[in-house]
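Notes follow the structure.
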Amino acid sequence: MLGTESGTLEAWVFPLKLLRDFRLVFTLDGRAMPAESLARRVIARPGSFSLLYSGDDFQVTETFVVPVDQPGILILLQINSYVPMRIDAHFTRDFQLMWPAAIGAPYIDWEEAAHGFMLGADGQQYRGLVASPDAARIDQEYGTNYSASTDSSFTLGTVRGRAERVIVMAGNLSTSSQSDQALAATYKALTADPARTIAATEKFYEDYLDRTVQVSLPDADLQQAYDWSRLSELKALVHNPFLGEALAAGFGLSRGGNRPGFAWFFGRDSFWTSLALTAAGDFETARAAIRFIARYQRADGKLPHEISQSASLVPWFENYPYPYASADATPLFVIAVRDYVEASGDLAFLKENRERLDKAMSFMRSTFDADGFPRNDGVGHGWVEGGPLLPVRTEFYQAGLYVEAVRSMAALARRGGDNELATRLDQEFQAKEQSLNQLFWLPASKSWAFAIGRDGRPVDQPSVLATVPMWFGLADQEHSREMIRQLADDSHSTDWGMRIISARSPLYNPAGYHFGSVWPLFTGWASVGEYRSHAADAGYANLKRNVWLALDGAGGNTTEVLSGDLYSPLSTASSHQTWSAAMVVAPLLRGLFGLQVDALDRRISLAPHLPADWDRFEIRNVALADGADGAVGKVDFAFQRDDRQATLHIRNHSQTPFQLTFAPAFAPVTELAGATLNGGAVNCPREESGPDWHARCAVTAGPGESTLTVRYRNSFGYSLTVPPPRLAEPSSAMKLVSEDWDGPSQLQLTVSGRPGTAQRIELYGAARVSEATGAQLAPDGRSITFEIPGEGSQAVNHSIGLRIAR
């Protein structure tokens with residue numbers, strides 16, 4: 001079901017569209033009232049949505065559910081009316097295959113025995129049904145020389161007092177003569193016990209949340225957004241009878257057409273989302289997503305960009321320009337396979353795809369430019385598909401993905417026992433990583449080049465796409481932090497996410513799909529890249545911006561793309577984009593927590609950059625393969641801290657030890673005082689990393705419970721609020737641009753904000769600020785307040801100096 005919160009919807013049994021503009025009408029005392037004008041409240045649950053309608057003397061709750069085991073839709077109406085009320089259902093028949101396939105001459109007939117409309121098409125065995133045990137026909141679409149109507153409707157009768165009614169929409173795509181019987185079986189299953197069907201669907205999604213990686217956080221909004229986003233990813237899993245199981249890129253209304261918003265399959269969408277799925281322990285869905293795209297690898301090794309759900313019904317791969325339009329799906333395939341195999345321990349999947357991996361690497365090498373990186377020009381677009389940022393020869397984004405693909409292939413070769421190939425790839429990786437950093441860094445502008453132009457020169461156009469090489473730890477961290485200062489500025493960063501380029505660029509257009517708009521995808525890339533570059537406050541701000549988007553959508557259904565100037569989705573945006581949901585999950589687990597799992601070596605790493613106001617967290621159900629029999633054990637972590645020590649409680653549910661690296665981040669002023677595991681001393685070397693340092697504690701966690709304690713002196717941190725954006729308003733919140741330490745006790749903060757606005761920063765830890773410049777220090781030393789100086793409406797930078805007593 002794809003619909004609006006007023007209750008109008010369209011219905012699909014992929015890849016077949018059944019109908020559109022389904023809606024209810026309530027008639028009381030001879031007055032017909034469209035239900036959409038009476039919608040008062042929306043209730044979102046993991047497995048269903050309910051709309052509450054009310055008038056002066058009646059209330060109707062309409063609950064929508066799509067069972068996971070039936071090709072159909074169930075709508076339950078719970079009615080309470082003090083006066084007689086008639087309930088009618090109206091819709092427009094479509095009965096067409098998803099673009100670009102089509103079937104001719106669809107029709108609609110009333111079937112009295114089924115109490116509903118049967119949908120079909122001449123010469124086709126496909127069938128659809130819209131029915132209710134209580135239905136009686138009102139009108140049916142027709143066309144004559146004199147008039148026509150596309151409306152079909154039935155009544156559920158007149159109700160007074162309390163009552164329930166059920167509506168079913170179902171489809172069958174079988175080409176056998178048994179399709180009518182199969183449709184009848186679906187109808188019977190969905191009407192037999194609606195309450196049980198709804199409860200079973202809710203339980204399916206609740207069980208999913210229970211068995212994948214759970215978190216417990218002090219931030220209730222982040223907690224909720226993480227859970228909804230996991231569900232949003234899972235609901236993109238489509239079972240298409242013609243193609244198999246795959247991950248759709250998202251969902252949006254097709255309205256009068258037959259092409260819903262991104263409800264088909266994209267290579268790079270699947271691979272980016274798989275990185276979130278594996279992090280959250282959903283190996284089954286990640287494997288399905290990767291396997292499907294890999295199945296359509298071209299003979300020369302290139303991975304597909306786009307596959308319609310009706311691709312098997314038309315000459316999709318021969319007659320259309322879309323299937324292999326991108327170049328980035330190919331390196332992302334190699335990266336996604338390595339990530340999945342190491343996290344899951346599934347070496348059989350590596351063996352299954354080894355030939356495809358080799359072909360993918362060969363294809364990329366066949367497209368090398370003069371600098372030894374895979375070209376975009378003449379081969380396939382990188383991330384940018386069109387607009388004034390093109391043409392270029394090779395995007396930094398694309399080059400970085402290739403370098404990470406080389407590293408990933410080296411790891412996979414080693415896992416597969418080919419040490420000679422792994423050694424060669426290690427050497428190539430080292431050379432290519434060095435070349436990447438030299439070729440794309442622009443010292444004059446202190447930024448990474450967007451691309452290498454056709455003329456062989458770097459394109460000096462700072463872009464958030466540079467955070468992708470940061471995500472994989474390829475870009476020099478000092479240089480990356482210099483660029484992050486630019487990306488954190490108000491010209492790049494909005495209250496709802498990251499613009500692709502600066503608003504000050506002459507190429508910028510706030511509605512530019514690839515040259516000005518804000519994508520939650522970019523914001524997620526930036527968050528992980530910033531955390532990997534130890535710019536934790538910038539990473540957290542971008543994570544929170546995606547949190548607000550997830551909570552502003554219908555049950556975690558985060559939009560695809562928004563205006564660069566106002567908090568509003570673009571008119572062309574798909575209302576739900578799967579990788580947008582993934583960009584809450586991945587930045588939280590891979591970014592903030594620094595969670596990495598290597599099931600093959602039984603290793604888990606946690607390198608958290610915790611917000612200063614967090615004193616606890618829990619991570620449960622981290623999957624870890626347990627021995628050669630393929631069994632999967634689970635690991636739970638519970639963390640607590642105060643001003644002087646942090647404690648990590650570890651619960652290993654398997655009978656096999658694992659290696660844990662716990663490396664929490666600390667401010668430069670903080671000093672390590674010691675560490676213990678179950679009371680025994682542990683060495684935790686100090687790793688310097690720019691604006692923070694990490695105590696790297698490497699321990700063995702045996703079966704059962706273990707406790708790792710890290711003690712410290714002079715703890716310190718600060719916290720800026722990341723408020724939700726205001727609908728249809730421009731960006732206005734204060735942003736942290738940079739954090740600079742001069743030794744362990746001098747901190748310089750640069751913020752960006754609107755002149756004349758009052759601001760506050762909270763301070764935490766045992767170490768106290770003794771002096772502040774550019775701000776007023778509270779008497780208790782727990783906060784600073786200041787006003788952004790200047791005039792006008794444009795954001796300006798303001799510097800704050802803090803001296804910290806040790």
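The values are calculated or read from the model by the stated rules, or taken from the named source; none is laboratory data. Quick caveat: nothing in here was measured; it's all calculated off a predicted structure. When we count neighbours, we look across all protein chains shown, and the Cβ atoms used for this are built from the backbone with ideal geometry, even at glycine. Side chains are part of the model used for accessible areas, which takes the heavy atoms of the whole protein and leaves out ligands, DNA and RNA. Shrake-Rupley method; radii C 1.70, N 1.55, O 1.52, S 1.80 Å.
Ordering P323, M364, S312 by Cα displacement along the dipole of the stretch 303-366 toward the positive end leaves M364 in first place; charges were set at the Cβ atoms of Lys, Arg (+1) and Asp, Glu (-1).
Only protein heavy atoms count here; on that basis, with a 1.4 Å probe, T278 has an accessible area of about 10 Å². Volume of the convex hull of the chain (Cα atoms only), normalised per residue: 193 Å³. Label sites at T647 and E688, each approximated as a point 7 angstrom past Cα along Cα to Cβ, lie 3.4 nm apart.
Accessible surface computed residue by residue for the chain, with neighbouring protein chains in place and a 1.4 Å probe, gives 37 Å² per residue. Across the stretch 561-720, the relative contact order, built from alpha-carbon pairs under 8 Å that are at least six residues apart, equals 20 percent. Distances between placed amide hydrogens fall under 5 Å for S783 paired with L763, A778, all partners being 5 or more residues away or on another chain. Give me D for the stretch 19-157 in µm² s⁻¹, whole number, from Stokes-Einstein with Rh from the Kirkwood sum over alpha-carbon pairs, 4 °C and 1.567 mPa s. The estimated diffusion coefficient comes to 78 µm²/s.
Counting only protein heavy atoms and a probe of 1.4 Å, the accessible surface of the stretch 572-728 is 46% carbon and sulfur.
For V528, the solvent-accessible surface with a 1.4 Å probe is about 0 Å², rounded to the nearest 10.
How big is the stretch 144-224 by the Kirkwood estimate over distinct Cα pairs, in Å? Taking every pair of different Cα atoms in the stretch 144-224, averaging 1/r and inverting gives 17.9 Å. Quick one: plug the Kirkwood hydrodynamic radius of the stretch 444-585 (C-alpha pairs) into Stokes-Einstein at 37 °C, 0.692 mPa s, and report D in µm²/s. Approximately 220 µm²/s, per Stokes-Einstein. Rg then Dmax, both in Å and based on the Cα atoms of the stretch 212-291: 14.2, 45. Considering only alpha-carbon pairs that sit under 8 angstrom and 6 or more positions apart, the relative contact order computed for the chain is 8 percent.
Here the spin labels are modelled as points 7 Å beyond Cα on the Cα-Cβ line, and at R616 and V83 they lie 5.4 nm apart.
On the basis of the beta-carbon distance and an R0 of 35 Å, N797 and E284 show a calculated FRET efficiency of 0.15. When +1 charges are put on Lys and Arg Cβ atoms and -1 charges on Asp and Glu Cβ atoms, the dipole computed for the stretch 405-462 relative to its Cα centre reaches about 120 debye. Let a ≥ b ≥ c be the square roots of the eigenvalues of the Cα gyration tensor of the stretch 290-385; is it rounded (a/c under 1.5), or, if not, prolate (a/b larger than b/c) or oblate? Here the stretch 290-385 falls in the oblate category. Around the amide H of H492, modelled in the peptide plane, lie the amide H atoms of A503, all under 5 Å away and 5 or more residues distant in sequence or on another chain.
Along the axis of the charge dipole computed for the stretch 231-376 (Cβ charges of +1 for Lys and Arg, -1 for Asp and Glu, origin at the Cα centre), the listed residues P374, G250, F271 are led at the positive end by G250. Projecting the Cα atoms of S738, P668, L708 onto the charge dipole of the stretch 650-739, computed from C-beta unit charges around the Cα centre, puts L708 farthest toward the positive end. Note on exposure: R23, R40 ranked by accessible area (1.4 Å probe, complete protein assembly) read R40, R23, with the most exposed listed first. The amide H of V737, built 1.01 Å from its N in the peptide plane, has T750, V751, S752 as neighbours under 5 Å, considering only residues 5 or more places off or on other chains. Using a probe radius of 1.4 angstrom, the carbon and sulfur fraction of the accessible surface of the stretch 437-541 is 51%. Charged side chains reduced to their Cβ positions (Lys and Arg at +1, Asp and Glu at -1) give the stretch 575-710 a dipole of some 160 debye around its Cα centre.
Charging the Cβ of each Asp and Glu at -1 and of each Lys and Arg at +1, and nothing else, the dipole of the stretch 606-667 about its Cα centre rounds to 40 debye.
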